[in-house]
Amino acid sequence: MKLVVDRLSFGYPHGEQLLKEVSFSAQSGELISLLGPNGTGKTTLFRCILGQLRAAGKIVLDGEPLYSLTPKALAAKVAYIPQSHSPAFSYPVEEMILMGAAAGLKWFQHPGKAEYARLDKVVENLGLQPLRHRAFDTLSGGEQQLVMMARAMMTDARVWLLDEPAANLDYGNQTRLMVLLQQLAEKGYLLIQSTHSPQQAALYSSRVLALADGKLAGDGAPSEVLDADMIQTLYGLRVKICDIPSGGRSVRVFLPD
Amino acid sequence: MMKKTKKAAWVLLILLLLLIGCILLSFPLGRYPVSIGDIFRQFGHDLLGLGESPADSIGRVIYNIRLPRILLAVIVGAGLSAAGCAYQCVFQNPMASPDVLGASSGAAFGAALAILMGLSTGGVTLSAFVMSLFSMLIACLVGATGKDRIMTLVLAGMMISSLFSAGTSCLKLAADPESQLPEITYWLMGSLSGADWRSVMTALIPTVIGMAVLLLLRWRLQLLTIGDEEARALGVHPGRTRIAVILAATLLTAAAISSSGTIGWVGLVIPHMTRKLTGSETRFLLPGTALMGGIFLLVVDNVSRTLLPVELPIGILTAFIGAPFFLWMIVKRGGAR
C-alpha cells in the first residue's frame with residue numbers, strides 16, 4: 001500500500017490558501033505524526049485525503065488517483081478516526097462498530113451474518129469483548145477511541161487518518177493507545193495521526209510531517225526533523241533537546257527553556 | 001453472538017401481538033353492542049367459511065363503522081410516530097417531530113387550502129404533502145445555523161408553525177361559513193370520527209409507500225445520527241439518504257394529517273417510549289415505533305370515543321399527554337437520549 005500526495009494545494013474561494021503544494025509519500029507499516037500549530041491545515045489535509053474537499057494536485061493510492069474513486073470505494077481504502085464524541089442517541093458499542101460496514105452494503109441492506117462474523121474478529125482483535133454490549137456514551141474517552149478504531153477496522157481500510165487520537169486520554173491510556181498504533185503499523189496499516197505533542201511523536205512514530213502555514217516544513221524521522229529550530233518554527237517556543245539512551249536506542253526529550 | 005438482535009426481535013413480536021390484541025378488543029367498544037364472540041363468528045365466517053355469520057346489523061357495524069375507524073387510528077398512529085422517529089434521526093435531534101418542526105402545520109395549511117378549493121381527497125393529500133415539504137425545507141435551512149442546533153431547530157419549527165397557522169386562519173376567513181368553515185374547523189381539531197373506507201384508503205396508500213421507504217432505509221437512517229462528516233468517511237451519501245428519508249417521513253405526515261386533521265404530539269412521544277424498549281438502533285426502533293404508535297393512537301381513540309357521552313376530539317387528548325411530556329424533555333434535556 002503506497003500513498004502519494006503530490007503538490008496538494010487547497011484554499012476556499014476568496015479565502016487564504018490553506019495548503020500550499022504539500023507533497024509526501026508514505027507506505028504501509030509507517031506510523032506518521034502530523035505536527036503543526038493550530039489552524040495550520042492538518043484537518044484540511046485530512047479532509048482532502050478523505051475526498052471531502054477537492055484540492056488541486058494529486059493523491060494517488062496504489063497507482064489509483066483517489067478522486068476517481070466513488071465515496072464507497074474510497075471508504076474501503078481510507079478510514080477516518082475522529083476525536084471521540086457521543087452521537088445524539090446512545091448506541092451499544094457493537095452497533096457503533098457495525099456502522100463501519102456501511103460501505104460494503106447496498107442502500108436497503110442491513111448488516112447480516114458476514115458483517116457479524118467480521119465484527120467478532122474486530123472485537124477480539126482489539127480486546128473489546130467486555131465492552132461489546134455497553135452503551136457507547138457510558139465509556140471512558142480511551143474506550144471510546146478504541147471503539148472508533150474498531151469501526152475503522154470494520155471498513156477494511158488500511159490507511160487510517162486519526163484526528164488527535166490521544167488528545168482526551170489520561171497518561172496511561174495515551175501510552176497504551178500509542179503502543180497499539182505501533183502494533184497496527186507493524187501489521188501493515190498506514191497510520192497518520194495529527195498530534196500536538198512533539199514528545200509523543202518522537203517517542204512512538206516512525207516519521208514526522210511538520211506542517212507550518214500550509215507548507216510542509218519537515219519530513220523524516222523524528223530525530224532528524226524535530227530539532228530545536230523546528231519547534232521554534234512550529235510553536236514559537238525555545239526548547240532544549242536531550243537525547244537520552246534507553247534500552248539500546250536514544251530517546252529525544254524536549255525541555256522548554 | 002447476535003444476542004441483542006434476538007431480544008429486539010422478541011420485543012417487536014410482543015408489540016405486534018399487542019397491536020392485534022388491541023385491535024380485537026377495540027371492536028366491542030361503542031354505542032352499538034358487539035361482542036368479541038360476534039367478531040370471531042363474523043370473521044370466521046367471512047374469511048374461513050366457518051359457521052354462520054351473525055346478524056346483518058352487526059356485520060354492518062363491524063365493517064362500515066368499527067373496522068375503518070380502527071384501521072385509520074392504527075395507520076395514522078403508526079405513520080406519525082415513524083415520521084417523528086425519522087425526523088429525530090435526520091436532524092440528530094431528540095426533540096424533533098412532525099409538530100415541533102412545523103411539518104404538521106404545513107400539512108394542515110395545505111389540506112385546508114385544498115378543501116377550500118374543493119379538491120378531491122387525493123388533491124388534499126398532495127397539497128398537504130407539498131406544503132409540509134415546504135415547511136421542512138425552511139426547517140432544514142434555518143435549523144442548520146446557530147450554535148445550539150437542537151434549540152435553533154425547535155424555535156425555527158415554532159415560527160414555521162405559527163406562520164402556517166396564521167395562513168390557515170386566513171383561509172378560514174375566506175371559507176363558506178355554512179359548509180366549509182365547520183368542516184375545516186372540526187378537521188383541524190384532529191379527530192378520527194369521520195373514518196370511513198374512503199379516508200382509510202386516502203391514508204393507507206401514501207402511508208404504505210412512506211413506511212416502506214423508511215423501513216428499507218432504516219439501517220442507513222442510523223448513519224445520519226453520527227454526523228455528516230463521519231458518515232461520508234464511512235462511504236455513505238448523507239445528503240441523498242437524508243432527502244429520501246425526509247420525503248418519506250413528510251409523506252407519512254401528510255397522509256395522517258389530511259385524513260384525520262392535526263393530531264399532535266404522537267410523533268414526539270412514541271419514539272421516546274419505544275427507545276426504552278428496543279434501544280436506539282434504528283433497525284429495531286423504527287418498526288417498534290410504528291407498532292407502538294398504532295397501539296397508542298388506537299387506545300387513545302378508544303378512550304376519546306367512550307370516556308364521555310360526547311366524543312372528545314382525539315387531538316385534545318394527545319395534547320394533554322404530549323405537551324407535558326415535551327416540557328419534561330426540555331427540563332431534562334441532556335439526559336434525553
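All of the numbers you see were taken from the coordinates with simple rules; none came from a lab. Note that the coordinates shown come from a computational prediction; the quantities given were computed from them, not determined experimentally. Cβ sites come from the backbone with ideal geometry, for glycine too, and all protein chains shown count toward neighbours.
Taking region B:28-43, which residues are surrounded by 12 or more Cβ atoms within 10 Å (Cβ to Cβ) and either more than 11 Å from B:ILE65 (Cα to Cα) or touching a residue at least 40 places away in the same chain (Cβ under 8 Å) (or both)? Spell out how you get there, then give the answer.
So in region B:28-43, the residues surrounded by 12 or more Cβ atoms within 10 Å (Cβ to Cβ) come out as B:28-30, B:32, B:34-35, B:38-43.
Correct list: B:PRO28, B:LEU29, B:GLY30, B:VAL34, B:SER35, B:ASP38, B:ILE39, B:PHE40, B:ARG41, B:GLN42, B:PHE43.
Is one or more of the residues making up region B:295-318 charged (D, E, K, R) and either within 14 Å of chain A (Cβ to nearest Cβ) or part of a helix (DSSP H, G or I) (or both)? Steps first, please.
First, the residues of region B:295-318 that are charged (D, E, K, R): B:301, B:305, B:311.
From what is left, the residues that are either within 14 Å of chain A (Cβ to nearest Cβ) or part of a helix (DSSP H, G or I) (or both) are B:301, B:305.
Yes: region B:295-318 contains one or more residues that are charged (D, E, K, R) and either within 14 Å of chain A (Cβ to nearest Cβ) or part of a helix (DSSP H, G or I) (or both).
Per-residue answers, yes or no, for (1) of a type in the set (A, V, I, L, M); (2) buried (at least 18 other Cβ atoms within 10 Å of the Cβ); (3) not in a helix (DSSP H, G or I):
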| residue | (1), (2), (3) |
| --- | --- |
| B:ALA8 | yes, yes, no |
| B:ILE20 | yes, no, no |
| B:ARG60 | no, no, no |
| B:ALA73 | yes, yes, no |
| B:CYS89 | no, yes, no |
| B:ALA108 | yes, yes, no |
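Just give me the residues in region B:41-58 being polar (S, T, N, Q) and in a helix (DSSP H, G or I), in sequence order. Don't jump to the end; show me each part of the working.
Going residue by residue through region B:41-58, those that are polar (S, T, N, Q) are B:42, B:53, B:57.
Across region B:41-58, the qualifying residues are B:GLN42, B:SER57.
Could you please find all residues in region A:80-93 being within 7 Å of another protein chain (Cβ to nearest Cβ) and buried (at least 22 other Cβ atoms within 10 Å of the Cβ)? Give the derivation first.
Step one: filter region A:80-93 for residues within 7 Å of another protein chain (Cβ to nearest Cβ), giving A:80, A:82, A:87-92.
If the condition is that a residue be within 7 Å of another protein chain (Cβ to nearest Cβ) and buried (at least 22 other Cβ atoms within 10 Å of the Cβ), then A:TYR80, A:PHE89, A:TYR91 are the ones that fit.
Conditions tested, residue by residue: (1) under 25 Å from A:LYS187 (Cα atoms); (2) at the interface with chain B (Cβ under 10 Å from one of its Cβ atoms); (3) without any contact (Cβ under 8 Å) to a residue 12 or more places away in the chain.
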position	(1), (2), (3)
A:MET96	yes, yes, no
A:MET99	yes, yes, no
A:GLU124	yes, no, yes
A:LEU128	yes, no, no
A:GLY142	yes, no, no
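Restricting region B:193-214 to residues that are of a type in the set (Val, Ile, Thr) and crowded, with 16+ Cβ neighbours inside 10 Å, which is farthest from B:ILE243 (Cα to Cα)?
So the first thing to find is which residues in region B:193-214 are of a type in the set (Val, Ile, Thr), and the list is B:200, B:202, B:205, B:207-209, B:213.
Filter once more, keeping what is crowded, with 16+ Cβ neighbours inside 10 Å: B:200, B:202, B:207, B:213.
On the way: B:VAL200: 27, B:THR202: 24, B:THR207: 17, B:VAL213: 12 Å.
Among those that are of a type in the set (Val, Ile, Thr) and crowded, with 16+ Cβ neighbours inside 10 Å, it is B:VAL200.
Yes or no, residue by residue, for (1) exposed (fewer than 12 other Cβ atoms within 10 Å of the Cβ); (2) of a type in the set (D, E, K, R):
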{"position": "A:LYS187", "(1), (2)": "yes, yes"}
{"position": "A:TYR204", "(1), (2)": "no, no"}
{"position": "A:VAL208", "(1), (2)": "no, no"}
{"position": "A:ALA221", "(1), (2)": "no, no"}
{"position": "A:MET230", "(1), (2)": "no, no"}
{"position": "A:CYS242", "(1), (2)": "yes, no"}
{"position": "A:ARG249", "(1), (2)": "yes, yes"}
All but one of (1) surrounded by fewer than 23 Cβ atoms within 10 Å (Cβ to Cβ); (2) more than 19 Å from B:ALA290 (Cβ to Cβ); (3) more than 14 Å from chain A (Cβ to nearest Cβ) hold for B:GLY190; state the number of the condition that does not hold. (1)
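Table: residues versus (1) in a helix (DSSP H, G or I); (2) out of contact with any helix residue (DSSP H, G or I) (no Cβ under 7 Å at 6 or more places or on another chain).
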| position | (1), (2) |
| --- | --- |
| A:PHE10 | no, no |
| A:LEU19 | no, no |
| A:SER23 | no, yes |
| A:SER33 | no, no |
| A:THR43 | yes, yes |
| A:GLY51 | no, no |
| A:TYR80 | no, no |
| A:SER86 | no, no |
Identify the single condition in (1) within 13 Å of chain B (Cβ to nearest Cβ); (2) surrounded by 22 or more Cβ atoms within 10 Å (Cβ to Cβ); (3) outside any loop (DSSP other than H, G, I, E, B) that A:GLU115 does not satisfy, given that it satisfies every other one. (2)
